[in-house]
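Contents: one structure, followed by commentary.
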Amino acid sequence: MSRLKKEDYNNSMRLESYDLATFAGQLYQLNHQKILDAVTTPEYLLAKKVLACGCGDSFCAAACAKQAFLQLAQVPMEGMPAIELSRHYSGQDLDDTLLFSISSRGKTSRVVEATQRVKKLGKNTTAVAIVNFPESPLVDAADELLLIQMPKFECGPYTEHAPCQRSYFSTMFTMMLLAVRMGEVRGHYCARQAEAYRQGMIDYAASFTRELVDQNDDRMWQLAQTWVNFHHYEVVACGPEYPNAWFGAAKFVEAYGDLATYENTENWPATGPYAKDPQSIGTVVILDRENEAFDLSVEVIGQMVALGRPTIVITDADAGAFPAGAEVFEIPSTPYRWAKPLMQYSPLGNLLGYISKMRGSSFYRYGDHEPFVRETMARMGGDPISNEPLLIVP
């Protein structure tokens, strides 16, 4: 392993981690006016709560924007899986809802279903479809269209479709910009402050400079040469960082097919210590220095290290705050705590991209030598999340 050359394992997933620093500004330039215009002033003012739904990465990105809506717009907000809203959320609690329905292609059955349900059962509702394509069942079901244009990904010859950090960032960034706009329209701050928030988000992403990512990349390359031998992984977080734990765990699966769990920091001591072979469980903790459970989280990290778990900590806190033995990746911070989820996951792209290529895997197991996905889809009769019948639950 020591003779491996890093450049032989370059890949599109690690390149996405580099791209995010400039991606934010490009995304803003392409879409800021559409985001400003997506919801009318009366629609913002009449809303008593904000709901957002999607599948997979989409609902996690929406959930990461919860603090932005709570702090800036001062309105209750929940980001949830579409199935929760379409089948389980109380049909008597949908009045005066501003709904953001998220689906890149606009064809995800449960997202369409959730949108139709809110429109049918709720009074004074507004549904906004956030999509990348202008025509779809979701667009037809919604009141408003927010068509997000993605900047081109300059990745040279490494064009393989990677587990999507860019699209995840795009959705989260869009939702946070909508929160900024809603707070401005509702009179909680002036236009100048709103612009400062927007620029602060762009500056936060830009602070992940190439020099910083190079340092992280070198360390992740070294760790990958050990972590490539693991087949069990766990991502741990709590509070505003928790949706990023779900996202991080999903990326392990998508990158090379190994399962990963995600856990709340508070609950980890009740389950984590009992897992067999802790020395072979790659563990990632995402932790904001302002997290109300910071001290508890440091204690839990100490337990992980004492058990022999290989532990990565991604944080904007000083590395000296953590127990010896943890691999601490210090990332930049921002004065806007609600914006921190935008970049907390990005170092994982470097690690997982390398492991995938060291194993000879294709992302999502799409490659010609890994026909698993195509064969499985064929047995299921096609894409199962886009071909389901719709049901409106009263």
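Bear in mind that the values in this text are calculations on the coordinates, not laboratory data. Bear in mind the structure is a predicted one, so any value in this text is a computation, not a measurement. Cβ: placed from backbone, ideal geometry, glycine included. Neighbour counts: every protein chain shown.
Here are the numbers for this structure:
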{"quantity": "Whole-Hz couplings from phi, Karplus 6.51/-1.76/1.60, listed for region 386-394; x for Gly and Pro", "calculated": "10, 10, 8, x, 9, 9, 9, 8, x"}
{"quantity": "Cα-centre dipole for the chain with unit charges at Cβ (Lys and Arg positive, Asp and Glu negative), debye to 20", "calculated": "580 debye"}
{"quantity": "Along the chain, longest interval not containing exposed trypsin sites (Lys or Arg not before Pro), exposed being DSSP loop plus at most 11 other Cβ atoms within 10 Å", "calculated": "153-275"}
{"quantity": "All lysines inside 21 Å of LYS49 as judged from Cα atoms, apart from same-chain residues fewer than 8 positions distant", "calculated": "LYS66, LYS119, LYS120, LYS123"}
{"quantity": "Where a label projected 7 Å from the Cα of LYS6 along Cα→Cβ would reach, residues of region 331-357 with amide N under 16 Å", "calculated": "347-357"}
{"quantity": "Cα extents of the chain along the three principal axes, largest first (Å)", "calculated": "61, 50, 44"}
{"quantity": "Principal-axis tilt of helix 165-185 within the chain, Cα atoms, nearest 10 degrees", "calculated": "40 degrees"}
{"quantity": "Loop GluC sites (Glu not before Pro), region 220-304 (other Cβ atoms within 10 Å of the site Cβ: 15 or fewer; DSSP)", "calculated": "GLU266, GLU290, GLU292"}
{"quantity": "At R0 = 30 Å, FRET efficiency that the Cβ-Cβ distance of HIS88 and GLU299 yields, to 0.05", "calculated": "0.30"}
{"quantity": "Using alpha-carbon coordinates, inclination of helix 347-358 to the longest axis of the chain, degrees", "calculated": "60 degrees"}
{"quantity": "For region 311-357 and region 46-66, distance of Cα centres in Å", "calculated": "24 Å"}
{"quantity": "Volume per residue of the C-alpha convex hull in region 210-365, rounded to whole Å³", "calculated": "104 Å³"}
{"quantity": "P(r), alpha carbons of region 108-266 - 5 Å bins starting at zero, rounded %", "calculated": "1, 7, 10, 13, 18, 17, 15, 10, 6, 3, 1, 0"}
{"quantity": "Between helix 294-307 and the chain: long-axis angle, C-alpha atoms, 0 to 90°, nearest 10", "calculated": "40 degrees"}
{"quantity": "Net charge, ARG219 excluded, C-beta distance under 14 Å - Lys, Arg +1, Asp, Glu -1", "calculated": "-4"}
{"quantity": "Region 228-303: chymotrypsin sites (Phe, Trp or Tyr not before Pro) in DSSP loop, at most 15 other beta carbons within 10 Å", "calculated": "none"}
{"quantity": "Structure-based [θ]222 nm, the chain - -39500 (n - 2.57) summed over DSSP H runs of at least 4, per residue, nearest 500", "calculated": "-13500 deg cm²/dmol"}
